[in-house]
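Undergrad: Quick one: this structure, given as C-alpha cells, is what I'll be asking you about.
Read the figures in this text as sums done on the coordinates, not as results from a lab. If you're wondering where the values come from, they're calculated on a predicted model, not measured in any experiment. Every residue, glycine among them, receives a Cβ derived from its backbone with ideal geometry; neighbour counts consider all protein chains shown.
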Amino acid sequence: MKILRLATAALAWTLMAPVATHAADAAKSADIAHHGLKPSDFPRWHQVVPNVYAYEDLLTTPDFTFTTNSLIIVTTDGVVLVDGQDHDEQGTSLVAAIKEITPQPLKYVVIASDHGDHVNALPVVKEAFPQAVFVSSTASLKTMTTLKRPVLATELVDDKQTLKLGNTDIQILNLGRGHTGGDLVVYLPESKVMFMSELYDRNIFPPMITGYPTEWVSTLKKAQEMDVTWFIPGHGFTGGDAASLKADLADFTKAVELVVSEGKRLHAAGVPCATEKDCPANAQANWGHYADFTAAAGQAPRALARAYTEIEGKLPK
Ligand SMILES: [Zn+2]
C-alpha cells in the first residue's frame, strides 16, 4: 500500500539523478528532515490570520519529504477548502482537521492544482461533505477526466469568481498558466492572503513537467503586483512571517526566470537537452543557489527539457 502510494504520488518528483551532495542551507530547504521534523509531526496546521488555516501533510519520495499544502477558510456561512491531498488516509486526516477546526460544513472545494498529490484525496472529502461544490478551471477539468477516481468540478472559473460566504469575500482567480496549465489561486481581499497552490513551491526547484516556463514568470509577477500580505505555497513550509513568505516567493520567481534564461542560453549554444534523461545541458547550467533547492537534482534537467520544448514551440496549446 505504502509502496504503491509512493509510486503514484512521487512519480512527478522522483529523482533521475543522484542527490546533490553539497550541504543544503537548511533555511532554504523544503525537506522536513532539514528542519528537524519527523513524518509523525504531520499532518499539522496553523492559523495564518483569523479563520484562515494553512494545512500541511507530506509528500514522500525515497530522496526527500516535503509538505503538500491545503488552505482551510472558515466563514460564518461554511468552509472553503483549497486543494486536497494525495491519498485516502490523508483525505481522512484532512476531513478530521476541518471538523476539529469548525462545526461549519464544507461548502466549496477549489482545485487550484489538478496534480494527483493535490486531488487524489478528494473522493474522501466528497464522501464526508456530499453537499460541497467543487470548482476548477476548464483546463484542470479536462486534465482530471483522465484520472482514475476523479472528483470533477461542477463550477468552472476561467477568469475570476467571487464567493461571498457570510461576510467573507473569497476570490478564485486565474492569473495565467504556470505549473499545470489550469492553475488557479485563491485570494482573500480583506485579510490579504493568497493561496498560490503549485505556482509557488517554496525552496523547491521549479517542477516543470507540465509547466509553461515563460508564462509562469508572468503569472507570478502578476500575483506579486497585487495587494497581498501572506503568500501561501502549495508545497514547502507555510510557516514563518509574511516577509519571509514574500521573499521566498520572489526567490522562487527568480528560479523560474533562471530556467527560462539558462534554457535560452544553452539552446542557443547548441548544447542538447532532448529529454530530462538525456540533457547534457544541465551539467553546463549555472543554477547558483537554486542547485541547493529541494529536488534540484531531479527537477533541474526536467525543467531545462521543458524550457527547450517551449523554445522549439512544442509546448501543448
Ligand atoms: Zn504537487
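Undergrad: Are any of the pairs Lys28/Lys164; Lys38/Lys164; Lys264/Lys317; Lys142/Lys221; Lys192/Lys221; Lys148/Lys264 more than 28 Å apart by Cα-Cα distance, and if so, which?
TA: From the list (Lys28/Lys164; Lys38/Lys164; Lys264/Lys317; Lys142/Lys221; Lys192/Lys221; Lys148/Lys264), the Cα-Cα distance tops 28 Å for Lys28/Lys164; Lys38/Lys164; Lys148/Lys264.
Undergrad: Which value in deg cm²/dmol, rounded to the nearest 500, describes the helix-derived mean residue ellipticity at 222 nm for the chain, given -39,500 (n - 2.57) per DSSP H run of n ≥ 4 and division by the residue count?
TA: -9500 deg cm²/dmol
Undergrad: Rounded, prolate or oblate, given the Cα gyration tensor of segment 42-174, with a/c below 1.5 counting as rounded?
TA: Here segment 42-174 falls in the oblate category.
Undergrad: Provide Ile209, Ile98, Ile204 in ascending order of the number of other Cβ atoms located within 10 Å of each residue's Cβ, fewest first.
TA: Ile209, Ile98, Ile204
Undergrad: I'd like the FRET efficiency for Val133 and His46, computed as 1/(1 + (r/R0)^6) with the beta carbon distance as r and R0 of 25 Å, rounded to 0.05.
TA: E(calc), rounded to 0.05, equals 0.40.
Undergrad: On to the next question. Starting from the amide H of Phe231, placed 1.01 Å from N in the peptide plane, find each other amide H under 5 Å away whose residue is 5 or more places distant or on another chain.
TA: Residues meeting the amide H criterion: Met194, Lys246.
Undergrad: Relative contact order of the chain: what whole-number percent is it, with Cα pairs under 8 angstrom and at least 6 residues apart?
TA: 17 percent
Undergrad: Which chymotrypsin sites (Phe, Trp or Tyr not before Pro) in segment 220-307 sit in a loop by DSSP (not H, G, I, E or B) and have at most 10 other Cβ atoms within 10 Å of their own Cβ?
TA: none
Undergrad: Can you compute the charge dipole magnitude of the chain about its Cα centre, using +1 on each Lys and Arg Cβ and -1 on each Asp and Glu Cβ, nothing else charged? Give it in debye, rounded to the nearest 20.
TA: Dipole of the chain, to the nearest 20 debye: 440 debye.
Undergrad: Classify segment 2-251 from the C-alpha gyration tensor, please: rounded if a/c falls under 1.5, else prolate or oblate depending on whether a/b exceeds b/c.
TA: Rounded shape, in that the Cα axes give a/c under 1.5.
Undergrad: Most mobile of Ala305, Ala268, Ala54 per a Gaussian network model of the chain (Cα springs, under 10 Å)?
TA: Ala268
Undergrad: Trypsin sites (Lys or Arg not before Pro) within segment 240-308: which are DSSP loop residues with at most 14 other Cβ atoms inside 10 Å?
TA: Here the sparse-neighbourhood loop sites are Lys277.
Undergrad: For Val133, list long-range residues whose amide hydrogen, built 1.01 Å from N in the peptide plane, is under 5 Å from its own amide hydrogen.
TA: Tyr108, Val109
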